[in-house]
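The values are calculated or read from the model by the stated rules, or taken from the named source; none is laboratory data. Remember, predicted model here, so these are calculated numbers, not experimental data. All Cβ positions, even for glycine, are placed from backbone atoms using ideal geometry, and neighbour counts span all protein chains on display. Surface accessibility is based on the protein's heavy atoms, side chains included, excluding ligands, DNA and RNA. Shrake-Rupley method; radii C 1.70, N 1.55, O 1.52, S 1.80 Å.
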Amino acid sequence: MLVLITYDVSTTSNGGQRRLRQVSKACQNYGQRVQNSVFECNIDATQLASLKIQLKEIIDQKQDSLRFYQLGNNYKSKVEHFGIKESIDLEGLLIL
(Lines give C-alpha, C1' and ligand atoms only; values in the text may rest on other atoms or scores of the structure.)
Protein backbone atom coordinates (compact mmCIF):
# COMPACT_ATOMS: atom_id res chain seq x y z
CA MET A 1 0.00 0.00 0.00
CA LEU A 2 1.12 3.54 -0.63
CA VAL A 3 1.49 5.63 2.51
CA LEU A 4 2.21 9.34 2.46
CA ILE A 5 4.16 10.47 5.53
CA THR A 6 4.46 14.12 6.45
CA TYR A 7 6.25 15.58 9.43
CA ASP A 8 7.02 18.87 11.07
CA VAL A 9 9.88 18.82 13.56
CA SER A 10 10.59 21.89 15.67
CA THR A 11 14.20 22.88 15.10
CA THR A 12 14.14 25.80 17.52
CA SER A 13 14.41 23.52 20.55
CA ASN A 14 17.35 21.53 21.86
CA GLY A 15 17.76 18.37 19.82
CA GLY A 16 15.39 19.51 17.07
CA GLN A 17 17.96 19.29 14.28
CA ARG A 18 18.98 15.81 15.45
CA ARG A 19 15.33 14.65 15.55
CA LEU A 20 14.74 16.10 12.08
CA ARG A 21 17.70 14.15 10.65
CA GLN A 22 16.60 10.95 12.40
CA VAL A 23 13.02 11.21 11.11
CA SER A 24 14.27 11.87 7.58
CA LYS A 25 16.72 8.96 7.69
CA ALA A 26 14.07 6.56 9.02
CA CYS A 27 11.64 7.56 6.25
CA GLN A 28 14.35 7.19 3.59
CA ASN A 29 14.70 3.54 4.62
CA TYR A 30 11.08 2.92 3.58
CA GLY A 31 10.39 5.23 0.65
CA GLN A 32 11.27 8.27 -1.41
CA ARG A 33 11.29 11.94 -0.46
CA VAL A 34 8.86 13.90 -2.64
CA GLN A 35 9.01 17.21 -0.74
CA ASN A 36 11.22 18.44 2.12
CA SER A 37 9.13 16.81 4.83
CA VAL A 38 7.01 14.44 2.74
CA PHE A 39 7.73 10.82 1.83
CA GLU A 40 5.91 8.28 -0.33
CA CYS A 41 6.36 4.76 0.98
CA ASN A 42 5.10 1.61 -0.73
CA ILE A 43 4.99 -0.67 2.32
CA ASP A 44 2.89 -3.39 3.88
CA ALA A 45 0.98 -3.19 7.17
CA THR A 46 3.83 -4.72 9.20
CA GLN A 47 6.37 -2.25 7.84
CA LEU A 48 3.96 0.63 8.51
CA ALA A 49 3.48 -0.46 12.11
CA SER A 50 7.26 -0.74 12.57
CA LEU A 51 7.88 2.68 11.02
CA LYS A 52 5.21 4.30 13.18
CA ILE A 53 6.81 2.91 16.33
CA GLN A 54 10.26 4.04 15.21
CA LEU A 55 9.14 7.56 14.35
CA LYS A 56 7.08 7.99 17.52
CA GLU A 57 10.19 7.13 19.53
CA ILE A 58 12.18 9.84 17.71
CA ILE A 59 9.84 12.82 17.83
CA ASP A 60 8.91 15.02 20.76
CA GLN A 61 5.11 14.78 20.70
CA LYS A 62 4.80 18.12 22.50
CA GLN A 63 6.71 19.99 19.76
CA ASP A 64 6.67 17.86 16.59
CA SER A 65 3.98 16.26 14.45
CA LEU A 66 3.64 13.24 12.16
CA ARG A 67 0.86 12.43 9.69
CA PHE A 68 0.27 9.15 7.89
CA TYR A 69 -2.05 9.06 4.86
CA GLN A 70 -2.83 5.52 3.73
CA LEU A 71 -3.66 5.65 0.02
CA GLY A 72 -3.94 1.87 -0.35
CA ASN A 73 -2.97 -0.38 -3.22
CA ASN A 74 -4.88 1.46 -5.96
CA TYR A 75 -2.96 4.67 -5.39
CA LYS A 76 -2.00 5.30 -9.03
CA SER A 77 -5.44 6.74 -9.77
CA LYS A 78 -5.29 8.90 -6.62
CA VAL A 79 -1.95 10.65 -7.14
CA GLU A 80 -1.35 13.43 -9.66
CA HIS A 81 1.97 15.17 -10.15
CA PHE A 82 2.82 18.38 -12.01
CA GLY A 83 6.20 20.02 -12.39
CA ILE A 84 9.73 18.87 -11.73
CA LYS A 85 11.01 16.00 -9.62
CA GLU A 86 9.13 13.12 -11.18
CA SER A 87 8.39 10.19 -8.90
CA ILE A 88 10.17 6.90 -9.37
CA ASP A 89 8.14 3.77 -10.02
CA LEU A 90 7.76 2.36 -6.51
CA GLU A 91 6.92 -1.07 -7.91
CA GLY A 92 9.69 -1.17 -10.53
CA LEU A 93 13.29 -2.25 -10.30
CA LEU A 94 15.63 -0.05 -8.31
CA ILE A 95 19.16 -0.01 -9.70
CA LEU A 96 21.83 1.41 -7.42
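Taking a Cβ cut-off of under 15 Å around Gln22, the surrounding Lys, Arg, Asp and Glu residues balance to a net charge of +3, with basic ones at +1 and acidic ones at -1. Just the protein heavy atoms count here, and of the accessible area of the range 1-79 at 1.4 Å, carbon and sulfur take up 43 percent. Subtracting the Cα-Cα distance of Phe82 and Ser24 from their residue separation scaled by 0.36 nm leaves 18.5 nm.
Per residue, the range 2-68 exposes 58 Å² of accessible surface when a 1.4 Å probe is rolled over the protein heavy atoms with every protein chain present. Modelled spin labels at Gln17 and Lys62, positioned 7 Å past Cα toward Cβ, are 2.3 nm from each other. Placing dummy labels 7 Å off each Cα toward the beta-carbon, the span from Gln70 to Gln54 is 1.9 nm.
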